[in-house]
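A.B. asks: My questions all concern the structure below.
The values are calculated or read from the model by the stated rules, or taken from the named source; none is laboratory data. Just so you know, these numbers come straight off a predicted model, no measurement behind them. To get the accessible areas, we keep the full protein, side chains included, count just its heavy atoms, and leave off ligands, DNA and RNA. Shrake-Rupley method; radii C 1.70, N 1.55, O 1.52, S 1.80 Å.
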Amino acid sequence: MIKLRSKRFGRSSSKLKAASSADKDCRNFSEIKWELRPGGMLVQKRESNQSEGEGMITVRVSTVSQWHDISIEATSTFGELKMILSLVTSMEPREQRLLFRGKEKDDNEFLHMVGVRDKDKVLLLEDPAIKEKKKLLGLARNQPINNPCCTTISV
C-alpha cells in the first residue's frame, strides 16, 4: 500500500487567518490510500473492507460429464486454478484447456482481471492434441512390435 500526501508551501501571513478555518475543514478527511494493481496501474484504494478482486470466490468448473465447485482467491491465475483442478480430476495442468466466456485463457491471466466473479462458470476441456497422443500410445501398446530390420530372410 502506498500513501501519498500533499503539502502547501509559501503561505503568506495575511492569508493565514482566512485559510485557517478552511484548513480545519480539510483536516477532517483521511489520507488517500493507494494500491498497485497486478496490471501495474496505481489506483486509489477503495473504502470497503474487501475491494473487488480480493477474497475467496467459488468458481463452477464444468467438464463434459460433471462439474466441480472450486473455492479460490479472486487474485489467483488460471494456472493456479488448473493446479487445483489436477487434484480433483485426473488431468495434468498441461492437458487442461480452460474457457471463460467462450475464450481460452492463458495460465498467467488473473481471474479478477478477466472478470471472473463469485459463482461464475468456467469450462474445462481436454487438449485435443494430447487426447490424440494418448489414443495413439494406447493403440501402440496393444500391437506387437514388427521391426523389419531384425527379421531374417532365408534364400
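A.B. asks: Under 5 Å between amide hydrogens, which residues at least 5 positions from LYS33 or on another chain qualify, with H placed 1.01 Å from N in the peptide plane?
C.D. replies: Amide H to amide H, under 5 Å and 5 or more residues apart or across chains, LYS33 pairs with LYS45.
A.B. asks: Using the Karplus curve 6.51 cos²θ - 1.76 cosθ + 1.60 with θ = phi - 60°, work out ³J(HN,Hα) for each residue of the stretch 112-125 in order, rounded to whole Hz, and write x for Gly and Pro.
C.D. replies: 6, 6, 7, x, 6, 10, 4, 6, 7, 10, 10, 9, 10, 10
A.B. asks: Residue by residue, what Karplus-based ³J(HN,Hα) values in Hz, rounded to whole numbers, does the stretch 94-105 have, using 6.51, -1.76 and 1.60 with θ = phi - 60° and x for Gly and Pro?
C.D. replies: 6, 8, 8, 10, 9, 10, 10, 6, x, 10, 6, 10
A.B. asks: Leaving out ligands, DNA and RNA, and with a 1.4 Å probe, what % of the accessible surface on the stretch 68-114 is carbon or sulfur?
C.D. replies: Working: 1240 of 2610 Å².
Answer for the stretch 68-114 is 47 percent, counting heavy atoms of protein chains only.
A.B. asks: From the Cα gyration tensor of the stretch 61-103, with a ≥ b ≥ c the square roots of its eigenvalues, which class applies: rounded if a/c is under 1.5, or else prolate if a/b is larger than b/c, or else oblate?
C.D. replies: Numbers: a/c = 1.29, a/b = 1.14, b/c = 1.13.
It is rounded, given that a/c, with a ≥ b ≥ c, falls under 1.5.
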